[in-house]
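The values are calculated or read from the model by the stated rules, or taken from the named source; none is laboratory data. Keep in mind that what you see is a predicted model, and the values were worked out from it rather than measured. In this analysis, Cβ positions are derived from the backbone assuming ideal geometry, glycine residues included, and neighbour counts consider all displayed protein chains.
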Amino acid sequence: MKLYLKYFAINLKCQMQYKAAFFIHLLSRVVLSFATVASVLVMFARFNEVEGFTLSQVLLCASAILMSFSITEVFARGFDIFPRLLGNGEFDRYLVRPRGIIYQVTASHMEFGRLGVFVQAIAVLCYAIPNSGVVWTWDKILTLFLMITCGAVVFAGLYIIFASFTFFTTEGLEFMNILTHGGKEFGRYPFVIYGGGILKFLTYVVPLAVVQYYPLLYLLGMEDGVFYMLCPLFGILFLIPSYIFFRIGLRRYKSIGA
Amino acid sequence: MITLSGINKTFRVTKRQAGFAHAVKALFSREYEVIKALSDVNFTVGDGEMVGYIGPNGAGKSTTIKIMCGILTPDSGVCDINGRTPWRDRVAHVAQIGVVFGQRSQLWWDVPVVDSLELIRDIYKTDEATYRRNLDELTQLLDLGEILKTPARSLSLGQRMRCEIAASLIHSPRILFLDEPTIGLDAVSKIAVRQFIKRLNAQHGTTVILTTHDMQDIEALTQRILLIGKGRILLDGSLEELKKRSSERKTLVVKYSGSPPPLVTGMAISGEKDGRLVLELDPAIVRVNEGIAHLAAHCELQDVSVSDITAEEMVAALYKEYQI
């Protein structure tokens, strides 16, 4: 953990070398993510509610998923640019250092410019919190916290799987973006609106609904079981298949060479 | 102690012909070509030895180094380094070795070098006292001083390579792998790097394995060379033995005025360089002093130089001999 902070510091130092670029990047991310929110606003300009959810409730949902996604983009950046790490030999360097591989990939690349989305999501959240009709008790606050953090974990798991494919193809696979960026875009609305099949898929295969739809029901008082409140914790389990998949890929890398 | 025995390694490479039709075909069925990168590689390197690993591009040098570093797993064979198998015991193994890839950097590009070194210290869990001692020594020997405060991106290649070497030695490894450490360096930097490696080996008893295409590296550094070609170890011996093995021919470079001199048996013209005649002389047939005396008697000599075959020529001859 102490080492992680050192990595954190060196990443920050590197990026602060180019202050103008950093802030332009940050700003562009804020502006870009406005589109995500704007489309929700446009939708609600025509309809008063979507599948029983009001504007503020959808914005609450959207800001939580945006935060999760941006946390992952900042801290799991190494998996996003994984094809590059394999291509330029940086990955070989990790293999000759006495630390875990996943740890090194995570720690070596953080991109703080991607916090732009986070900043913007906070603004949306500030609007949604008082307007969503949620009575904010400690358990609701905990649920929201779990939604955001566990959501980041699920996205990280997706990034790891995305990276693992690179071991087999050496090129990145764009279809994974359907789940990562797609998850963020579609996750603006509670996943239930896309129908039962998709909801099942997002519950049992890629557990994005576990960190979004179910705890949201608890937040909004539509369900009050503890299960719904702690549901996001199941998302963490998603790291297990991701990890196994990565190990399989790594074994292949070491036996076929690069 | 490094022992490799019966190491085999094959790579599967997709074969594809040029053209759009073939590209489409390749989407559905791919043809693979199996390339034997290493076949039955055996050698042993003792503690504190310094070994030059040579061979043409694509011969399998880097593959061997990568196996010894634990980056690659061979198809079959045994590799034992200080009692460990690199790819099975990666973390414990790599804590004991240092690796310099001449063509790649391990420094963080945008921060002063010393920041990178401190992070590397923490990655290897090197204690502060050892770090200080190593850093002081490296700073002095590699003349790092001011360079340490400069971001890696603004260093010259020679300065950067010195820092790369320092970064690989922070944790006092027992074995140092150098993959083309002098590539692209100017003469002064090359000599500095060589002197440092020599000293490291002499003073700390660090085992050094280095690959290079620069024969001067080999001449300056190593007693023992391993020659690899097409994935096989072809030769394992000292530089002196090799020199003896390849012919004893001497090269005479002669500058003269007037008409070209006649030659005696045992001498042959091998070329002309900057208006000088280059002659090959076989001392078994005609002695060097006799040869020069003969030349002097038949033309007006202005300058004569005699030299042994260079390591460069020797290796070129070896490559030719083994058809690699």
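Those residues that are among the basic types (Lys, Arg) and over 16 Å from the mean Cα position of the chain (by Cα), I need them from region B:175-223; list them, please. I'd like the intermediate steps shown before the answer.
Our first condition is that a residue be among the basic types (Lys, Arg); within region B:175-223, this holds for B:190, B:194, B:198-199.
Listed by number, the list holds a single entry, B:Arg199.
Mind telling me which of the residues B:Thr44, B:Thr73 ends up being touching a residue at least 12 places away in the same chain (Cβ under 8 Å) and away from every other protein chain (no Cβ under 14 Å)? It would help to see each step written out before you state the result.
On the way: B:Thr73 fails: away from every other protein chain (no Cβ under 14 Å).
Checking each option against the conditions leaves just B:Thr44.
Does B:Ala167 meet the test of being within 14 Å of chain A (Cβ to nearest Cβ), buried (at least 19 other Cβ atoms within 10 Å of the Cβ), more than 26 Å from B:Ile2 (Cβ to Cβ) and of a type in the set (Gly, Ala, Ser)?
Working: within 14 Å of chain A (Cβ to nearest Cβ): yes; buried (at least 19 other Cβ atoms within 10 Å of the Cβ): yes; more than 26 Å from B:Ile2 (Cβ to Cβ): no; of a type in the set (Gly, Ala, Ser): yes.
Taking the combined requirement at face value, the residue does not satisfy it.
Given B:Arg153, B:Arg162, which one is in contact with a Phe, Trp or Tyr (Cβ under 9 Å, 6 or more places away or on another chain), within 14 Å of chain A (Cβ to nearest Cβ) and either buried (at least 22 other Cβ atoms within 10 Å of the Cβ) or part of a helix (DSSP H, G or I) (or both)? Before the answer, list the steps.
Numbers: B:Arg162 fails: within 14 Å of chain A (Cβ to nearest Cβ).
That would be B:Arg153, the only listed residue that is in contact with a Phe, Trp or Tyr (Cβ under 9 Å, 6 or more places away or on another chain), within 14 Å of chain A (Cβ to nearest Cβ) and either buried (at least 22 other Cβ atoms within 10 Å of the Cβ) or part of a helix (DSSP H, G or I) (or both).
Looking for something of a type in the set (Ser, Thr, Tyr), over 24 Å from the mean Cα position of the chain (by Cα), surrounded by fewer than 16 Cβ atoms within 10 Å (Cβ to Cβ) and within 14 Å of chain B (Cβ to nearest Cβ) - is there at least one such residue anywhere in region A:74-96? Lay out the reasoning, then the answer.
We begin by selecting, within region A:74-96, every residue of a type in the set (Ser, Thr, Tyr); these are A:94.
Remaining after also requiring over 24 Å from the mean Cα position of the chain (by Cα): A:94.
With the extra rule that they be surrounded by fewer than 16 Cβ atoms within 10 Å (Cβ to Cβ), the set shrinks to none.
For region A:74-96, residues of a type in the set (Ser, Thr, Tyr), over 24 Å from the mean Cα position of the chain (by Cα), surrounded by fewer than 16 Cβ atoms within 10 Å (Cβ to Cβ) and within 14 Å of chain B (Cβ to nearest Cβ): absent.
Would you check which residues across region B:11-29 are among the hydroxyl-bearing types (Ser, Thr, Tyr) and either assigned to a loop (DSSP other than H, G, I, E, B) or modelled with pLDDT of 90 or more (or both) and list them? Can you show your working first?
Step one: of region B:11-29, the residues among the hydroxyl-bearing types (Ser, Thr, Tyr) are B:14, B:29.
Correct list: B:Ser29 only.
State the number of residues belonging to region B:79-90 that are at pLDDT below 95 and of a type in the set (A, V, I, L, M, F, W, C).
Adding up the residues that qualify gives 1.
Restricting attention to region A:1-19, and to residues there that are at pLDDT below 90, exposed (fewer than 12 other Cβ atoms within 10 Å of the Cβ) and part of a helix (DSSP H, G or I), which single residue is farthest from the other protein chains (Cβ to nearest Cβ)?
So the residue we want is A:Lys19.
Does region A:202-254 hold any residues that are crowded, with 21+ Cβ neighbours inside 10 Å and among the polar types (S, T, N, Q), and which are they?
Within region A:202-254, A:Gln212, A:Ser242 qualify.
Before we move on, is A:Tyr243 within 22 Å of A:Met176 (Cα to Cα), under 22 Å from the mean Cα position of the chain (by Cα) and in a helix (DSSP H, G or I)?
On the way: within 22 Å of A:Met176 (Cα to Cα): yes; under 22 Å from the mean Cα position of the chain (by Cα): yes; in a helix (DSSP H, G or I): yes.
In short, yes.
Could you tell me which numbered condition B:Pro74 fails, if it satisfies all but one of (1) assigned to a strand (DSSP E or B); (2) surrounded by 14 or more Cβ atoms within 10 Å (Cβ to Cβ)?
Exception for B:Pro74: condition (1).
Out of everything in region B:90-125 that is among the polar types (S, T, N, Q) and buried (at least 18 other Cβ atoms within 10 Å of the Cβ), what residue ends up being nearest to the other protein chains (Cβ to nearest Cβ)? It would help to see each step written out before you state the result.
Keep residues of region B:90-125 that are among the polar types (S, T, N, Q), which gives B:96, B:103, B:105-106, B:116.
Still in the list and also buried (at least 18 other Cβ atoms within 10 Å of the Cβ): B:105-106, B:116.
Values: B:Ser105: 9, B:Gln106: 5, B:Ser116: 8 Å.
The selected residue is B:Gln106.
Listed residues A:Ile101, A:Ile129, A:Ile122; which is surrounded by fewer than 18 Cβ atoms within 10 Å (Cβ to Cβ) and within 20 Å of B:Ile71 (Cβ to Cβ)?
Values: A:Ile129 fails: within 20 Å of B:Ile71 (Cβ to Cβ); A:Ile122 fails: within 20 Å of B:Ile71 (Cβ to Cβ).
On inspection, the qualifying residue turns out to be A:Ile101.
If I filter region B:300-316 for residues that are assigned to a loop (DSSP other than H, G, I, E, B) and modelled with pLDDT of 80 or more, do I get at least one hit? Reasoning before the result, please.
Just the residues of region B:300-316 that are assigned to a loop (DSSP other than H, G, I, E, B), to begin with: B:309-310.
Then keep just the ones that are modelled with pLDDT of 80 or more; that gives none.
No, region B:300-316 has no match at all.
Sort through B:Val208, B:Val286 and tell me the only one that's among the hydrophobic types (A, V, I, L, M, F, W, C), in contact with a Gly (Cβ under 7 Å, 6 or more places away or on another chain) and either crowded, with 17+ Cβ neighbours inside 10 Å or at pLDDT below 85 (or both).
Values: B:Val208 fails: in contact with a Gly (Cβ under 7 Å, 6 or more places away or on another chain).
None of the other options fit; the residue is B:Val286.
When you scan region B:198-216, do you find a residue that is more than 14 Å from B:Val100 (Cα to Cα), touching a Lys or Arg at 6+ places or on another chain (Cβ under 8 Å), assigned to a helix (DSSP H, G or I) and not hydrophobic (A, V, I, L, M, F, W, C), even just one?
Among the residues of region B:198-216, at least one is more than 14 Å from B:Val100 (Cα to Cα), touching a Lys or Arg at 6+ places or on another chain (Cβ under 8 Å), assigned to a helix (DSSP H, G or I) and not hydrophobic (A, V, I, L, M, F, W, C), which makes the answer yes.
Check region B:302-322 and report whether any residue there is more than 37 Å from the chain's Cα centre (by Cα), in contact (Cβ under 8 Å) with a residue 24 or more places away in the chain, closer than 23 Å to B:Val264 by Cβ and surrounded by fewer than 16 Cβ atoms within 10 Å (Cβ to Cβ).
Of the residues in region B:302-322, the ones more than 37 Å from the chain's Cα centre (by Cα) are B:302.
Still in the list and also in contact (Cβ under 8 Å) with a residue 24 or more places away in the chain: B:302.
Narrowing the set further to residues that are closer than 23 Å to B:Val264 by Cβ leaves B:302.
Those left that are additionally surrounded by fewer than 16 Cβ atoms within 10 Å (Cβ to Cβ): B:302.
Yes, region B:302-322 contains at least one residue that is more than 37 Å from the chain's Cα centre (by Cα), in contact (Cβ under 8 Å) with a residue 24 or more places away in the chain, closer than 23 Å to B:Val264 by Cβ and surrounded by fewer than 16 Cβ atoms within 10 Å (Cβ to Cβ).
Identify the residue in region B:248-281 that is part of a loop (DSSP other than H, G, I, E, B) and over 13 Å from B:Leu295 (Cβ atoms) and, among all such residues, is modelled with the highest pLDDT.
The first filter runs over region B:248-281 and keeps only residues part of a loop (DSSP other than H, G, I, E, B), leaving B:248-249, B:258-266, B:274-275.
Narrowing the set further to residues that are over 13 Å from B:Leu295 (Cβ atoms) leaves B:248-249, B:265, B:274-275.
Working: B:Glu248: 69, B:Arg249: 75, B:Thr265: 82, B:Asp274: 75, B:Gly275: 76.
Among residues in region B:248-281 that are part of a loop (DSSP other than H, G, I, E, B) and over 13 Å from B:Leu295 (Cβ atoms), the one modelled with the highest pLDDT is B:Thr265.
Going through B:Val111, B:Val100 one at a time, which residue ends up being of a type in the set (A, V, I, L, M), farther than 30 Å from B:Lys61 by Cα and touching a residue at least 24 places away in the same chain (Cβ under 8 Å)? Don't jump to the end; show me each part of the working.
Details: B:Val100 fails: farther than 30 Å from B:Lys61 by Cα.
Result: B:Val111 is the single residue among B:Val111, B:Val100 that is of a type in the set (A, V, I, L, M), farther than 30 Å from B:Lys61 by Cα and touching a residue at least 24 places away in the same chain (Cβ under 8 Å).
Does A:Lys254 fit the bill of being within 14 Å of chain B (Cβ to nearest Cβ) and among the basic types (Lys, Arg)? Please lay out each step first, then the result.
Details: within 14 Å of chain B (Cβ to nearest Cβ): yes; among the basic types (Lys, Arg): yes.
When the stated conditions are applied, A:Lys254 passes them.
Could you tell me how many of the residues in region B:30-54 are under 19 Å from B:Gly6 (Cα atoms) and either among the hydroxyl-bearing types (Ser, Thr, Tyr) or part of a loop (DSSP other than H, G, I, E, B) (or both)?
4
Could you tell me whether any residue of region A:50-67 is part of a helix (DSSP H, G or I), under 30 Å from A:Arg99 (Cα atoms) and within 14 Å of another protein chain (Cβ to nearest Cβ)? Even if it seems obvious, please write down each step before you answer.
So in region A:50-67, the residues part of a helix (DSSP H, G or I) come out as A:55-67.
From what is left, the residues that are under 30 Å from A:Arg99 (Cα atoms) are A:67.
So of that shortlist, the ones also within 14 Å of another protein chain (Cβ to nearest Cβ) come out as none.
No, region A:50-67 contains no residue that is part of a helix (DSSP H, G or I), under 30 Å from A:Arg99 (Cα atoms) and within 14 Å of another protein chain (Cβ to nearest Cβ).
Among the residues of region B:256-269, count how many are loosely packed, with under 14 Cβ neighbours inside 10 Å and within 22 Å of B:Glu313 (Cα to Cα). Give the derivation first.
So in region B:256-269, the residues loosely packed, with under 14 Cβ neighbours inside 10 Å come out as B:257-260, B:262, B:265, B:268-269.
Checking the rest, the ones that are also within 22 Å of B:Glu313 (Cα to Cα) come to B:268-269.
Total meeting the criteria: 2.
Looking at B:Leu135, B:Leu148, which one is farther than 30 Å from B:Ile2 by Cα, among the aliphatic types (A, V, I, L, M) and away from every other protein chain (no Cβ under 14 Å)?
Working: B:Leu135 fails: farther than 30 Å from B:Ile2 by Cα.
None of the others qualify; the one that does is B:Leu148.
Only one of B:Lys15, B:Lys36 is in contact with a Phe, Trp or Tyr (Cβ under 9 Å, 6 or more places away or on another chain), loosely packed, with under 13 Cβ neighbours inside 10 Å and either facing another protein chain (nearest Cβ under 10 Å) or among the charged types (D, E, K, R) (or both); which? Full working, then the answer.
Numbers: B:Lys36 fails: loosely packed, with under 13 Cβ neighbours inside 10 Å.
The match here is B:Lys15.
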